[in-house]
Amino acid sequence: MLNEKQVVFLGGDARQLEVIKSFIQLGAHVTLIGFDNLQTPFSGASQKDLTVEVLAKADILILPIVGTDEKGLINSVFTSKTLLLLDEHISSLPNHCIVFAGIARSYLKELCLRHDVALMELMERDDVAIYNSIPTVEGALMMAIQNTDFTIHGSVCAVLGLGRVGLSLARTLDAIGANVTVGVRSSADYARVFEMGLTPFYTEALKEHLQHANLIFNTIPTKILDASVLAQVPQDVVIIDLASKPGGVDYTYTEKRGMKAILAPSLPGIVAPKTAGKILARIITQLMTEELAKEGNM
Ligand code: NAP
């Protein structure tokens, strides 16, 4: 189906290996940038440096799940080289090229907008985010187990946010016997938490609802656990911050007070790269099939 399509992978972690594998199987011409330290190189893919000449031939450019940072830096666990995605790289892409990333910071969004390049943020899609919440929750449990000397069962667990991750997490914690409270901001989410048999509270009254927590799992991507809230939280609480960087915790304050607070990004890539990669591979190939069908190429 993807015969003759030039697919360029630029950086990433172990999740990307599944995606690469599936594109090779689908017959695409795969070029890898930032994968020079791969233990088992792929037959059926060529390794290149990051140059405008390579990108000028790309039909599809696949970036890491976390996209770039605000200066264009691309993370790759498979190279020691610095990968910097610059204006000249995006401007060299053909007009029809589609750029995929899990999430895109404003740097990447602005570059693509400036050069009229289509950008697909996979984690913006509900289906991807819901599937991805499965390995994320398993990773959150792993972090909690590694950082506590008590069982989750019987402990008081506060989950902040009832989005795609928060909902899966609250349900899982309940299933393993935790006493789960959930901080939300809408009355609909409050009702949903009540319906689930858990204890809802409003995040605007956060300070009053964390006093008995043993574990706090934050999924809200804003600094919700600021110094004024943390001052009301037991000193020996363990905070697992799942929100994307910079997270939702005042880490200067937790360090000063000797509290255990851990920013835990990219858990699917750590605990289940194969599953997480398969989720991405499935959705990217599905999207490409739809695009090609629209263009009448199928
Ligand atoms: P989501 O579905 O958008 O959920 C976010 C939740 O936060 C929603 O319940 C939202 O409430 C709430 N929220 C946002 N701003 C708020 C505020 N100012 N006050 C109170 N509540 C607020 O996102 P998600 O897919 O669950 O992901 C949550 C975070 O985890 C994101 O930062 C995502 O990038 C990250 N993530 C991390 C990992 C990891 O491995 N650590 C994996 C997946 C995702 P409303 O619905 O009322 O807006």
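The table below lists the values:
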read-out	value
Test: P246 is closer than 30 Å to I98 by Cβ, surrounded by fewer than 21 Cβ atoms within 10 Å (Cβ to Cβ) and within 16 Å of the ligand (Cβ to nearest atom)	yes
Breaking point among (1) under 17 Å from G277 (Cα atoms); (2) in contact with a helix residue (DSSP H, G or I) (Cβ under 6 Å, 6 or more places away or on another chain), for T68	(1)
Sole residue being among the aliphatic types (A, V, I, L, M), at negative phi and within 20 Å of the chain's Cα centre (by Cα), chosen from L2, L26, L32, L61	L61
Unique match (being at pLDDT 95 or above, in contact with a helix residue (DSSP H, G or I) (Cβ under 9 Å, 6 or more places away or on another chain) and of a type outside the set (V, I, T)) among K278, K274, K260	K260
Evaluation of N75 against (1) over 24 Å from K294 (Cβ atoms); (2) modelled with pLDDT under 95; (3) open to solvent by less than 30 Å² (accessible area, probe 1.4 Å) (one fails), failing number	(3)
Cβ pairs under 7 Å, 6+ apart, first in the stretch 149-165 and over 26 Å from V128 (Cβ atoms), second hydrophobic (A, V, I, L, M, F, W, C) and away from the ligand (no atom under 16 Å from the Cβ)	I152/I176; I152/A178; H153/I176; H153/A178; S155/A178; V156/A213; A158/A213
Subset tally (residues that are in a helix (DSSP H, G or I) and more than 21 Å from Q211 (Cα to Cα)) for the stretch 146-177	8
Out of K260, K278, K274, K223, sole residue that is open to solvent by 60 Å² or more (accessible area, probe 1.4 Å) and within 15 Å of the ligand (Cβ to nearest atom)	K223
Of residues in the stretch 178-190 being out of contact with any strand residue (DSSP E or B) (no Cβ under 6 Å at 6 or more places or on another chain) and part of a helix (DSSP H, G or I), the one nearest to N218 (Cα to Cα)	D189
Subset of the stretch 79-104 [modelled with pLDDT of 95 or more and under 30 Å from L162 (Cα atoms)]	V99, F100, A101, A104
Given (1) farther than 20 Å from M288 by Cα; (2) under 17 Å from the mean Cα position of the chain (by Cα); (3) open to solvent by 40 Å² or more (accessible area, probe 1.4 Å), index of the condition L17 fails	(1)
Looking only at the stretch 195-214, and only at residues there that are closer than 20 Å to H153 by Cα and more than 15 Å from the ligand (Cβ to nearest atom), the one that is surrounded by the fewest Cβ atoms within 10 Å (Cβ to Cβ)	G197
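The values are calculated or read from the model by the stated rules, or taken from the named source; none is laboratory data. From a predicted model like this one, the values you see are computed outputs, not experimental measurements. Don't worry about glycine lacking a Cβ; one is built from the backbone with ideal geometry, like all the others, and counts go over all protein chains shown. Heads up: the accessible areas ignore ligands, DNA and RNA and are worked out on the full protein's heavy atoms, side chains in. Shrake-Rupley method; radii C 1.70, N 1.55, O 1.52, S 1.80 Å.
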